[in-house]
Amino acid sequence: MKTDRVRSAIVVLRWVLGVAILGEAARFAFSRSAAAEFAKTGMPDFIHIGLAWSEMAAAALFLIPGLTILGGRLLIAILGCAIVLHVLHGWFDVGGLAVYAAAAWAVMAGTAPPGAADEVTGRES
């Protein structure tokens, strides 16, 4: 019974995190104010667009059950790059990005790879 609650919690966390990151990345990609704010960094706009689209793609993969681990790895890498870019530009408010990365890691840790046997039931997932 406890295993079912843990599985349910992992699924809920995966969906909440995936949809939240997908929404934030879409806002970052399509918002004029986000583009204007990013322009202040002096970095080329293709970095802004590339970061946003790669985040959206990784979040979409993260939401697909068989691709959750791949999407999670990509999200952690992308969020890590975003944290580094923020810090290099003197923006030290990266707690939200760190929580997103930690949540992706937690979901990956609680997700069995496709074809792996379930520890409790012995059945393949």
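Listing for the model above:
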{"read-out": "Tabulated pairs, the stretch 94-105, first touching a residue at least 24 places away in the same chain (Cβ under 8 Å), second surrounded by fewer than 20 Cβ atoms within 10 Å (Cβ to Cβ) and assigned to a helix (DSSP H, G or I), C-beta under 7 angstrom, 6+ apart or interchain", "value": "101/76; 101/80; 103/13; 104/76; 105/76"}
{"read-out": "Condition met for residue 79 (modelled with pLDDT under 95, hydrophobic (A, V, I, L, M, F, W, C), within 30 Å of residue 40 (Cβ to Cβ) and surrounded by 14 or more Cβ atoms within 10 Å (Cβ to Cβ))", "value": "no"}
{"read-out": "Tabulated pairs, the stretch 8-22, first free of Cβ contacts under 8 Å to residues at least 40 places away in the same chain, second part of a helix (DSSP H, G or I), C-beta under 9 angstrom, 6+ apart or interchain", "value": "11/65; 11/107; 16/103"}
{"read-out": "Condition broken by residue 102, with the remaining ones in (1) modelled with pLDDT of 90 or more; (2) loosely packed, with under 10 Cβ neighbours inside 10 Å; (3) of a type outside the set (Val, Ile, Thr) satisfied", "value": "(2)"}
{"read-out": "Residue check, residue 90 surrounded by 18 or more Cβ atoms within 10 Å (Cβ to Cβ) and either of a type outside the set (Val, Ile, Thr) or on the phi < 0 side of the Ramachandran plot (or both)", "value": "no"}
{"read-out": "The stretch 70-81 residues that are at positive phi, paired with ones that are surrounded by fewer than 23 Cβ atoms within 10 Å (Cβ to Cβ) (beta carbon under 6 Å, 6 or more apart)", "value": "none"}
{"read-out": "Checking residue 29 against (1) hydrophobic (A, V, I, L, M, F, W, C); (2) more than 17 Å from residue 84 (Cα to Cα); (3) surrounded by fewer than 15 Cβ atoms within 10 Å (Cβ to Cβ), the condition it does not meet", "value": "(3)"}
{"read-out": "Close pairs from the stretch 31-55: first free of Cβ contacts under 8 Å to residues at least 12 places away in the same chain, partner among the small types (Gly, Ala, Ser), Cβ under 8 Å, at least 6 apart", "value": "45/35; 45/39"}
{"read-out": "Count - residues of the stretch 25-81 that are farther than 26 Å from residue 110 by Cα and among the hydroxyl-bearing types (Ser, Thr, Tyr)", "value": "3"}
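So that you can scan it fast, the table gives a plain yes or no per residue for (1) of a type in the set (A, V, I, L, M); (2) closer than 30 Å to residue 2 by Cβ; (3) out of contact with any strand residue (DSSP E or B) (no Cβ under 8 Å at 6 or more places or on another chain):
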| position | (1), (2), (3) |
| --- | --- |
| 29 | yes, no, yes |
| 35 | yes, no, yes |
| 39 | yes, no, yes |
| 44 | no, no, yes |
| 54 | no, no, yes |
| 71 | no, yes, yes |
| 83 | yes, no, yes |
| 94 | yes, no, yes |
| 112 | yes, yes, yes |
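The values are calculated or read from the model by the stated rules, or taken from the named source; none is laboratory data. Here the structure is a predicted model, which means the values were calculated and not measured. Positions of Cβ are backbone-derived with ideal geometry, glycine not excepted, and every protein chain shown enters the neighbour counts.
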